[in-house]
Amino acid sequence: MENHSRLARSHALVPTLSGLRLQAAGLLLLATTLGGAQTETYDLTRRVRVGDTFRYSIKMAITESKTSGELKGTVEDVITRTRGKQIDMERRVKELTFRMGSDSATIPDFAVLRIAIKSTGETLEVKRDAEKVSELRSLNFGIVVVPDKPIGVGEKWTHTFVADSKMGTPASTANYEFLKTETVGDELAAVIAVTHQEDGGKNPLSSKSTVWISTKTGMYLRSHVDFVNLPMGSDGKLVNARVDLDRIK
């Protein structure tokens, strides 16, 4: 009789154990679903309209041997046309002042730079009045080329820039990482870490930077870039420099 009683109790436990297994599976599925819902993604492509204007203050701290210098001014980007995923804009660099050691000077405004980019940020074409294209060597080093799809914190990607003799930009490789989100002013920003280096050559230009991109427009809110072997001046002298860019509302 005792054996029959134990057998009955063991059979009674079978549906209970099956139920527990089903509950555990259900909880695991729920946790997986909730975990996926918490991974938020952001579209960081440029979403702008004709006439939109973005102004920035720019400050460059320059190190040349034992002498340090500083350049300050403003950068203004005006959207002139949008065609599908292509954006045309005019860039003006103005109100520049330069100090090196005990010397200081006011620099005339640069000629207008006409830039065509993809909505991902990749440069398609550059035209500049009265300027040598060779002076655009570092152009791609201020650019974050984002994926053409929403991305989330922790994602990493790489972009290879092909050499373009017409624009004067050499081949280079940039590695990006979406570090976190952060509020800048009244906008939510995606904080992107960038390491970028020219491919080969003597004294290659390289940089490490952090860029804050608006999750609303895909345009920059702030950036800090540390350059090594940045060409400066008409003779292309190489210097190390820190460039800070901040959006002016």
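No value in this document is a laboratory result; all are computed from the given coordinates. Keep in mind the model is a prediction, meaning the values are calculated, not measured. All Cβ positions, glycine included, derive from the backbone under ideal geometry; neighbour counts span all protein chains shown.
Overview of results
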item	result
Residue-wise HN-Hα coupling along the stretch 183-188, computed from phi with Karplus coefficients 6.51, -1.76, 1.60 (Hz; x: Gly, Pro)	8, 10, x, 10, 10, 7
Amide H within-cut-off set for D199, under 5 Å, with H built and near neighbours excluded	A171, S172, T173
Percent RCO, i.e. relative contact order, over the stretch 41-248, from Cα pairs under 8 Å lying at least 6 residues apart	19 percent
Segment T195-T97, extension gain: residue separation times 0.36 nm, minus the distance between their alpha carbons	32.4 nm
Separation in nanometres of the label points that stand 7 Å from Cα toward Cβ, at R81 and T210	3.9 nm
Long-range amide H partners of Y42 with built H, under 5 Å	I151, G152
Largest to smallest principal axis extent of the C-alpha atoms in the stretch 41-248, angstrom	48, 35, 35
For E155, distant residues with modelled amide H under 5 Å away	F178
Above-threshold pairs, the threshold being 25 Å between Cα atoms, out of K94/K149; K118/K149; K85/K202	K94/K149; K85/K202
Those aspartates and glutamates that a straight Cα-Cα span of less than 20 Å connects to K237, excepting residues fewer than 8 apart in one chain	E64, E70, D103, E131, E135, E198, D199, D226
Calculated from backbone phi, Karplus (6.51, -1.76, 1.60) coupling profile of the stretch 79-86 in Hz, x at Gly/Pro	6, 9, 6, 10, 9, x, 9, 9
